[in-house]
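Novice: Got a structure for you, questions after.
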Amino acid sequence: MLYDNAQLARLFLHAWQVTGRASYRRAATETFDYLLREMQGPEGGFFSAQDADSEGVEGKFFVWSWDELALTAGEVVARRFGASPEGNWEGSNVLWLPSGDDPPSSPAFEAARTRLFDLREQRVRPATDDKVLAGWNGLAVAAFAEAGRVLEEPRYLRAAERAAAFVLTALRRADGRLLRSWRRVRTSGPAFLEDHAMLADGCLELYQSTFDLRWMREARRLADDLLRLFADDERGGFYQTGADAETLLVRPKEVFDNAVPSGNSAAALVLQKLTLLTGEPEYERAATGALRLVRDLMSRAPTGFGHALGALDLYLGPSREVAVIGAPDDPATQALISEVWRRYLPNAVLAAAGPDDADAAGTIALLADRPLVEGRPAAYVCERFACRQPVTDPAALAAQLER
């Protein structure tokens, strides 16, 4: 499924940032590469799912006989992958590392993996569910955009931009209303709450990876539509369906985080991030209303509110808003930005612009009235728009981020 691969790839990326463990980075990049290879359509959007079965047999594309493994990779490698002549799954073998160790880095092992991959590519492939869903693509866009900047991998950034551009164009009505799904030119009905929230988060991550104001404007447009169409101004939180949708006997609210974040949790998080960048109080008011809606439930059943707890952590703080001012092509500017990018900072936002970029300062309040320091690129670390002394040295910026 697109949604679990996008979230897992991002999780492995964060684990690598925190621990530096190479196996986490490898798991992240291999998952991203799988999505590019198998799940991104020619138009740019990501497909929804790939079947587990092929030729009528569950798992046939992915499992191995002992003879195949021994002949192609050798018995030593086969056993390293947890395989055996009798099989480890219904008479066949699923490849895994039973020791839990990192994969061997020897050239012989890598060559064996490549041979196995090439052999598998000759099999009949599982079918693909080629629907493009707005919300699930939002998860993928966010993951690829973050990976592009953290890993300095332009392919991932291009994939995020292509997907976002496609969804924001092909999955919109003429009046601008976001739609739920697309398949081979045909679209479905209006998008739900989670579609707006997840896609807004994807656009926001794209902005923080490119500093292209287009993505910031798209994030705000989606957020404004989210408030207009889904907010419950009386009881707080957000409805799952829009105010312009078919009238229901009961207008539902989805609050539990399941395989994907609930619309309320996703909205609470992205609206707070937008607040930190724009200073817009309405975003924060709506976000805190969504958190109050599940306050008691979070304490009683925390495992059902993983994403909501992340949003609550951001609300309780401390948060970090970082503004970098400097010419985009100046290495000193890039050094300051990279100091932020390389860290796992879940409760931070980043904006950057040139010193004379009035458009950026007018769009993102965090950038307003932030001059260079003695003609040099500078970073401002703020909390709720109260900023520390600006710094021009990456080491000084690191010290402020670690406080």
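Bear in mind that the values in this text are calculations on the coordinates, not laboratory data. Just so it is clear, the model here is predicted, and its values are computed rather than measured. Cβ coordinates were reconstructed from backbone atoms using ideal geometry, including for glycine residues, and neighbour counts include every protein chain displayed.
Novice: Rounded to two decimals, what is the ratio between the C-alpha radius of gyration of the range 71-146 and 2.2 N^0.38 Å?
Specialist: My calculation over the Cα atoms of the range 71-146 gives 1.48.
Novice: If r is the Cβ-Cβ distance from Glu234 to Thr72 and R0 is 51 Å, what FRET efficiency results, to the nearest 0.05?
Specialist: Here the calculated transfer efficiency is 0.20.
Novice: Say R0 is 41 Å: what FRET efficiency, to the nearest 0.05, do Glu90 and Asp313 get from their beta-carbon distance?
Specialist: 0.45
Novice: Based on the Cβ-Cβ distance of Ser299 and Ala127, what FRET efficiency does E = 1/(1 + (r/R0)^6) give at R0 = 45 Å, to the nearest 0.05?
Specialist: The computed FRET efficiency comes out at 0.55.
Novice: If you build the convex hull over the alpha carbons only and average its shadow over all orientations, what do you get for the range 25-129? Give it in nm² to one decimal.
Specialist: If you wrap the Cα atoms of the range 25-129 in a convex hull and average its projections, you get 7.6 nm².
Novice: Still on this model: Please report, to two decimal places, log10 I(q)/I(0) for the range 304-374 at q = 0.15 Å⁻¹ as given by the Debye formula with identical point scatterers on the Cα atoms and no solvent.
Specialist: Taken in order of the listed q values, log10 I(q)/I(0) reads -0.59.
Novice: Provide the per-residue ³J(HN,Hα) series for the range 176-188, in order, calculated from phi with Karplus coefficients 6.51, -1.76, 1.60 and θ = phi - 60°, each as a whole number of Hz, with x at glycine and proline positions.
Specialist: Each residue of the range 176-188 in turn: x, 5, 5, 10, 6, 8, 9, 8, 6, 5, 7, 10, 9 Hz.
Novice: If you don't mind, there's one more thing I want to ask. For the chain, take every pair of Cα atoms, bin their distances at 10 Å starting from 0, and report each bin as a whole percent.
Specialist: Spelled out bin by bin, the chain gives 5, 20, 28, 24, 15, 7, 1, 0 percent.
Novice: Find the percent of Cα-Cα distances in the range 132-316 that exceed 22 Å, and round it to a whole number.
Specialist: 43
Novice: To the nearest 20 debye, what is the magnitude of the charge dipole of the range 237-287 about its Cα centre, counting +1 on the Cβ of each Lys and Arg and -1 on the Cβ of each Asp and Glu?
Specialist: In total the dipole reaches around 100 debye.
Novice: Would you mind computing, in nm to one decimal, how far apart the modelled labels at Asp53 and Met1 are, each placed 7 Å from Cα along Cα→Cβ?
Specialist: A separation of 1.9 nm, rounded to one decimal place.
Novice: Turning to a different aspect of this structure: Of Ile325, Leu277, Leu312, which is farthest towards the positive pole of the range 270-403's charge dipole, taken about the Cα centre with +1 and -1 on the beta-carbons of Lys, Arg and Asp, Glu respectively?
Specialist: Leu312
Novice: Between the range 334-403 and the range 204-282, how far is it from one alpha carbon centroid to the other, in angstrom?
Specialist: Taking the Cα centre of the range 204-282 as reference, the centre of the range 334-403 is 26 Å away.
Novice: Tell me the mean residue ellipticity at 222 nm calculated for the chain from its helices only (DSSP H runs of n ≥ 4, each -39500 (n - 2.57), averaged over every residue, nearest 500).
Specialist: The helix-only estimate for the chain comes to -16000 deg cm²/dmol at 222 nm.
Novice: Using the 2.2 N^0.38 Å rule of thumb for compact globular proteins, work out how the range 269-403 stacks up: its C-alpha Rg over that value, please.
Specialist: 1.15
Novice: Related question: Once each part is reduced to its C-alpha centroid, what is the distance from the range 95-150 to the range 167-185 in angstrom?
Specialist: Centre-to-centre distance over Cα atoms comes out at 29 Å.
Novice: Once fully extended, how much extra length lies between Ala245 and Asn258, figured as 0.36 nm per residue of separation less the alpha-carbon to alpha-carbon distance?
Specialist: 2.3 nm
Novice: Among Ser65, Ser105, Ser265, which one shows the highest mean-square fluctuation when the chain is modelled as a Gaussian network with alpha-carbon springs under 10 Å?
Specialist: Ser105
Novice: Right, something else. Can you give the charge dipole size of the chain about its Cα centre, rounded to the nearest 20 debye, using +1 on the beta carbon of Lys and Arg and -1 on the beta carbon of Asp and Glu?
Specialist: The dipole magnitude comes to about 260 debye.
Novice: In the Gaussian network model of the chain, springs joining C-alpha atoms below 10 Å, which of Thr241, Thr278, Thr169 carries the largest mean-square fluctuation?
Specialist: Among Thr241, Thr278, Thr169, the largest mean-square fluctuation in the Gaussian network model of the chain belongs to Thr169.
Novice: Moving to a separate point now. I want to verify a result. In a Gaussian network model of the chain, Cα cutoff 10 Å, which of these has the top mean-square fluctuation: Val124, Val250, Val18?
Specialist: Val250
Novice: Now for a different question. Measure nothing fancy, just the Cα-based angle from helix 22-38's long axis to the longest principal axis of the chain, in degrees from 0 to 90, nearest 10.
Specialist: Here the helix axis deviates by roughly 80 degrees.
Novice: Cross-link partners among lysines for Lys60, C-alpha distance below 25 Å, same-chain residues fewer than 8 apart left out?
Specialist: Lys131
Novice: Find how many whole Å separate the alpha carbon centroid of the range 308-322 from the alpha carbon centroid of the range 69-93.
Specialist: The distance from the Cα centre of the range 69-93 to that of the range 308-322 comes to 47 Å.
Novice: Could you list, by residue number, the cysteines of the chain that have no other cysteine's beta carbon within less than 4.7 Å of their beta carbon?
Specialist: Cys with no partner Cβ under 4.7 Å: Cys203.
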